[in-house]
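K.L.:
One structure follows; several queries about it will come next.
The values are calculated or read from the model by the stated rules, or taken from the named source; none is laboratory data. None of the values given here were measured: they were computed from a predicted structure. Note that we place each Cβ from the backbone using ideal geometry, even for glycine, and neighbour counts take in every protein chain shown.
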Amino acid sequence: MNNLVFIENGRTVTDSLTVAEVFGKEHKHVLRDIRYLECSEEFIESNFGLIEYTDPRNRTQQKYIITQDGFSFLAMGYTGKEAAQFKEMYINEFKRMREELRNQVPVLDSNAAIAIALRQTADVMDKLPQIESKLETIGRKLETQITLDSGQQRRLQQAVSKKVCSIEPDKDERGELFRQLYKEIKDRWEVPSYKDVLRQDLQAVLNYVEAWRPVRRAG
């Protein structure tokens, strides 16, 4: 018997009509056997696909597309010497079709290959404005989310140190100014640490430091 197994969507499969014919069963009984298989819903969904077809009398009927695993599970319930022969025949056919599928290499002539390449290029060009827009949006989002890197942190530290040292010549008195300035930076830009300042805000923070004046407490 020919066409026990065929290729559909890149998989080797059979169908319930063919199983019924091979095993000498009525199709309605094979449908019933599939519906009452004692396996998980996930297995059924993965290995048995219910589709419609038109029979020779032009009526719309239903049948199952069955994978190799699905067939193996279904055929376990079919016993007897003839059934064993049919199972073996099916297994060999599945194996042969798998090899055929594995060895299928599409061959395109040069004109077809060029046409496909041009079509793919045109598709990419059509989508290019959308891609550029998405990249620009991503870039803006990153700018608003990325904090200072180590080099930028050192730059801010140096600016703070320079400002404090220019105000207070006595290094023993500088600690309070450092605390005050760093606290103002954290409060003004709502960050837990100066390290968490956003990159996009760095220049504004540097300008603030440059113009900063301490609040002197009355002694």
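K.L.:
Hey, can you tell me all the residues within the range 189-210 that are more than 40 Å from the chain's Cα centre (by Cα) and in contact (Cβ under 8 Å) with a residue 12 or more places away in the chain?
P.N.:
At the first step, the residues of the range 189-210 found to be more than 40 Å from the chain's Cα centre (by Cα) are 206-210.
Those that are more than 40 Å from the chain's Cα centre (by Cα) and in contact (Cβ under 8 Å) with a residue 12 or more places away in the chain: LEU206, TYR208, VAL209, GLU210.
K.L.:
Mind checking whether some residue in the range 71-88 is in contact with a Lys or Arg (Cβ under 9 Å, 6 or more places away or on another chain), at pLDDT 70 or above and not hydrophobic (A, V, I, L, M, F, W, C)?
P.N.:
Scanning the range 71-88, I find at least one residue that is in contact with a Lys or Arg (Cβ under 9 Å, 6 or more places away or on another chain), at pLDDT 70 or above and not hydrophobic (A, V, I, L, M, F, W, C), so the answer is yes.
K.L.:
Is there any pair with a first residue in the range 33-54 that is assigned by TED's automatic domain parsing to the domain that holds ALA75 and surrounded by fewer than 13 Cβ atoms within 10 Å (Cβ to Cβ) and a second that is of a type in the set (A, V, I, L, M, F, W, C) and in a loop (DSSP other than H, G, I, E, B) whose Cβ atoms are under 8 Å apart and which are 6 or more apart or on different chains, and what are they?
P.N.:
Close Cβ pairs satisfying both conditions: none exist.
K.L.:
Does any residue of the range 10-29 turn out to be under 33 Å from the mean Cα position of the chain (by Cα), exposed (fewer than 11 other Cβ atoms within 10 Å of the Cβ), modelled with pLDDT under 90 and closer than 25 Å to ASN92 by Cβ? Steps first, please.
P.N.:
Residues of the range 10-29 that are under 33 Å from the mean Cα position of the chain (by Cα), as a first pass: 10-15.
With the extra rule that they be exposed (fewer than 11 other Cβ atoms within 10 Å of the Cβ), the set shrinks to 10.
Imposing the further condition that a residue be modelled with pLDDT under 90 reduces the set to 10.
Now drop any that are not closer than 25 Å to ASN92 by Cβ, which leaves 10.
There is at least one residue in the range 10-29 that is under 33 Å from the mean Cα position of the chain (by Cα), exposed (fewer than 11 other Cβ atoms within 10 Å of the Cβ), modelled with pLDDT under 90 and closer than 25 Å to ASN92 by Cβ.
K.L.:
In the range 110-165, how many are closer than 15 Å to GLN203 by Cα, modelled with pLDDT under 90 and among the aliphatic types (A, V, I, L, M)?
P.N.:
The qualifying residues number 2.
K.L.:
May I ask you to verify whether ALA83 is of a type outside the set (D, E, K, R), out of contact with any strand residue (DSSP E or B) (no Cβ under 8 Å at 6 or more places or on another chain) and touching a residue at least 60 places away in the same chain (Cβ under 8 Å)?
P.N.:
Details: of a type outside the set (D, E, K, R): yes; out of contact with any strand residue (DSSP E or B) (no Cβ under 8 Å at 6 or more places or on another chain): yes; touching a residue at least 60 places away in the same chain (Cβ under 8 Å): yes.
So ALA83 fits the description; yes.
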